[in-house]
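To start, the structure under review is shown below, and the notes come after it.
Please treat every number below as a calculation from the coordinates, not as lab data. These figures come from a predicted structure and were not determined experimentally. Please note: Cβ atoms are built from the backbone with ideal geometry, for glycine as well, and neighbour counts cover all protein chains shown.
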Amino acid sequence: MNFILKPWQLFFLILSGWINRRQQDIIEFQNAQIQALMEKMGRKRILLTDEHRRVLAIKGKALGRKTMTELTTIVTPDTILRWHRRLIAKKWDYSSRGNAPGRPRVPDEVAQLVLRMARENPTWGYDRIQGALANLGLHISDTTVGNILRDNGIEPAPERKHRTSWKTFLQAHWESITAVDFTTVEVWTKSGLFTFYILVAMRLKTRRVQIAGITESPNAEWVTQMARNLIDFEDGFLKDVSHLIVDRDTKLLPLRRFIEEMTETALVLLPPKNPNLNAYLERFMRSLKSECLNRMIIFGRGSLERTLNEFGAHYHGERNHQGLGNKLIEPGEEAGQEDGEIRCSNRLGGMLRYYYRDAA
């Protein structure tokens, strides 16, 4: 059966071809200009402002990595990603803002000596430690000694000698102990670079996690609602747990209050600056950043949500975990099969990959 083009269809095809050729001529001309400029400058470095970098990052994102590699440009996709990381680091750099006024800090070597004396001598109180320091020519008040110990999670004497080790505590409550914490990611929006806060919960025994919520402003009302969702009696991720590990982040105060008032779950409040005591959740945060978020430039909340959903599916069903005997958290039917063609599935444009056998 022959297909005959109508006059207007033929005209449309000719016009489309002309426009496409016209655009290709423009691109080739621009490439020639850029190539000539680069050859003229030789090895000289092109100095760009942060605003230039921001614009190039947005335009480059719209083109995609594959298209950019086919064009003659003054920057590469990897360069744009490096600029993005530097802008994030600059945003959080407080080194040039000066030190806050107030009482001088206790030197680190003195604080470490206080901690050493307390650990090696469980029966020594604040006054005893203060006296031992004075014998060494180090003069601080007993109140300062107490502050140092409390800030590092060390109880007053004689409670220290009755303390249960962290390993023993985890083993005793392994079946129903959980953890919750925040992590952050920088997201480009129409108004610029904004920090989004991600609330994550984990069941330690199974390593299952849930993204409880994402927000630009983790205020008390939002955090309380997230806590309400987590302990929902029907499908709450943290329902019926015995212990919940939380740190002293002030953003988590509303969650702690809600858990204490509305549940029988015991809160395990971590001492300051001791992320190792929440090592399982911290390890998930590191994997999330190193395997996914730090390798992407994210534009908008919707893009962030899709990225987290894709990583969550990969984390649970496609990623092996050494702490679980190098097995999957939620293995599918194809996991462990020995017959069938080997296939590869990928997420986020091939950033996350999973190999399996197709039994069909």
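Give me a comma-separated list of calculated 3J(HN,Hα) values for region 286-296, in order, Karplus coefficients 6.51, -1.76, 1.60 applied at θ = phi - 60°, integers in Hz, x for any Gly or Pro.
5, 5, 4, 6, 6, 8, 9, 4, 6, 9, 9
What are the ³J(HN,Hα) couplings of region 306-323, residue after residue, when phi is run through the Karplus curve with 6.51, -1.76, 1.60 and θ = phi - 60°? Round to Hz, x for glycine and proline.
5, 4, 5, 5, 5, 5, x, 5, 5, 4, 7, x, 9, 10, 6, 10, 4, x
Label points 7 Å out from Cα along the Cβ direction at N276 and Q225: separation in nm?
Inter-label distance under the simple model: 3.9 nm.
Measure off 7 Å from each Cα along the Cα-to-Cβ vector at I211 and R286, then give the distance between these two points in nanometres to one decimal.
Label at I211, label at R286, 2.2 nm between them.
How far apart, in nm, are two points set 7 Å out from the Cα along the Cα-to-Cβ line at D358 and at N20?
3.0 nm
Applying the Karplus parametrisation 6.51 cos²θ - 1.76 cosθ + 1.60 with θ = phi - 60° to the phi angles of region 205-221, what ³J(HN,Hα) value in whole Hz is obtained for each residue in order, glycine and proline being reported as x?
Values per residue, Gly and Pro as x: 5, 8, 6, 5, 10, 9, 7, 6, x, 10, 7, 8, 9, x, 7, 4, 5 Hz.
List the residues whose amide H sits under 5 Å from the amide H of L352, counting only those 5 or more places along or on another chain, with H placed 1.01 Å from N in the peptide plane.
The answer is R347.
Please give the contour-minus-distance gain from R116 to I342: 0.36 nm per residue of separation, less the Cα-Cα distance, rounded to one decimal in nm.
75.8 nm
How big is D for region 169-324, in µm² s⁻¹ as a whole number, if Stokes-Einstein is applied with the Kirkwood radius of its Cα pairs at 4 °C and 1.567 mPa s?
Stokes-Einstein gives a translational diffusion coefficient of 80 µm²/s.
Please compute the length gained on full extension between D50 and M351, using 0.36 nm multiplied by the number of residues separating them and subtracting their Cα-Cα distance.
105.6 nm
Considering the options F299, I214, V241, tell which one lies farthest towards the positive end of the dipole of region 169-324, charges being +1 on Lys and Arg and -1 on Asp and Glu at the Cβ, about the Cα centre.
Towards the positive end, the residue furthest out is F299.
Under 5 Å between amide hydrogens, which residues at least 5 positions from I329 or on another chain qualify, with H placed 1.01 Å from N in the peptide plane?
The answer is R319.
Going by average Cβ neighbours within 10 Å, how do the peptides 258-265, 344-351, 126-133 rank, with the highest at the top?
Ranking, from highest mean packing down: 126-133, 258-265, 344-351.
How would you rank F311, F182, going from fewest to most other Cβ atoms within 10 Å of each one's own Cβ?
In increasing order of surrounding Cβ atoms, one gets F182, F311.
Exceeding 19 Å between C-alpha atoms, which entries from my cross-link table qualify? They are K289/K327; K251/K273; K91/K190.
K289/K327
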